[in-house]
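What follows is a single structure, written as structure tokens, with notes after it.
The values are calculated or read from the model by the stated rules, or taken from the named source; none is laboratory data. From a predicted model like this one, the values you see are computed outputs, not experimental measurements. No Cβ is skipped: glycine too gets one built from the backbone with ideal geometry, and neighbour counts run over all protein chains shown.
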Amino acid sequence: MAETSSSVHDSDSPAWAADHNPQLKPWRRPEPGSAAGKGALERPDQVVNLVWQTRPAPPTEYENALADSLIACFEAGAEELPDLVAALNARGSRAPSGEPWTEASFTAEIARLGW
């Protein structure tokens, strides 16, 4: 497992802990079948449950940097969306477009990331 310098990485994790769940199945909307539960649900007894690991891939540098910035903003007292966006911009964090964050761009990016 490659170590990261991100503050969101738990250095106290056991050596066997993964930074993502490689067995996570891609999400898809439920499609109701003719028989209740047939073909739409995983069988809990046949799926490896890696505790707290719901990412399909390790976080990218961008995701780690954004997470670190968010943590710093929250620690500085940001509680509401306008305060959070202002704090991100004050820290020099930028939206993927390279532009300063707006409430709309931040909300869209967080939704895209699934956070």
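Miscellaneous remarks
- Subset tally (residues that are closer than 28 Å to ASN21 by Cβ and in a loop (DSSP other than H, G, I, E, B)) for segment 86-112: 3
- The set of residues in segment 83-104 that are surrounded by fewer than 18 Cβ atoms within 10 Å (Cβ to Cβ) and hydroxyl-bearing (Ser, Thr, Tyr) comprises SER97, THR102.
- Test result for ASP45, at pLDDT 95 or above, outside any loop (DSSP other than H, G, I, E, B) and of a type in the set (D, E, K, R): no
- A single entry from GLU109, GLU99, GLU80 fulfils the requirement of being under 16 Å from the mean Cα position of the chain (by Cα) and of a type in the set (Asp, Glu): GLU109.
- Screening ASP83 with (1) part of a helix (DSSP H, G or I); (2) farther than 27 Å from ASP19 by Cα; (3) in contact with a helix residue (DSSP H, G or I) (Cβ under 7 Å, 6 or more places away or on another chain) gives one miss only, at (3).
Let's see how each residue does on (1) without any contact (Cβ under 8 Å) to a residue 40 or more places away in the chain; (2) of a type in the set (A, V, I, L, M, F, W, C); (3) over 26 Å from PRO56 (Cα atoms):
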{"site": "GLU79", "(1), (2), (3)": "yes, no, yes"}
{"site": "PRO82", "(1), (2), (3)": "yes, no, yes"}
{"site": "VAL85", "(1), (2), (3)": "yes, yes, yes"}
{"site": "ASN89", "(1), (2), (3)": "yes, no, yes"}
{"site": "ALA95", "(1), (2), (3)": "yes, yes, no"}
{"site": "GLU99", "(1), (2), (3)": "yes, no, yes"}
{"site": "GLU103", "(1), (2), (3)": "yes, no, yes"}
{"site": "PHE106", "(1), (2), (3)": "yes, yes, no"}
{"site": "GLY114", "(1), (2), (3)": "yes, no, no"}
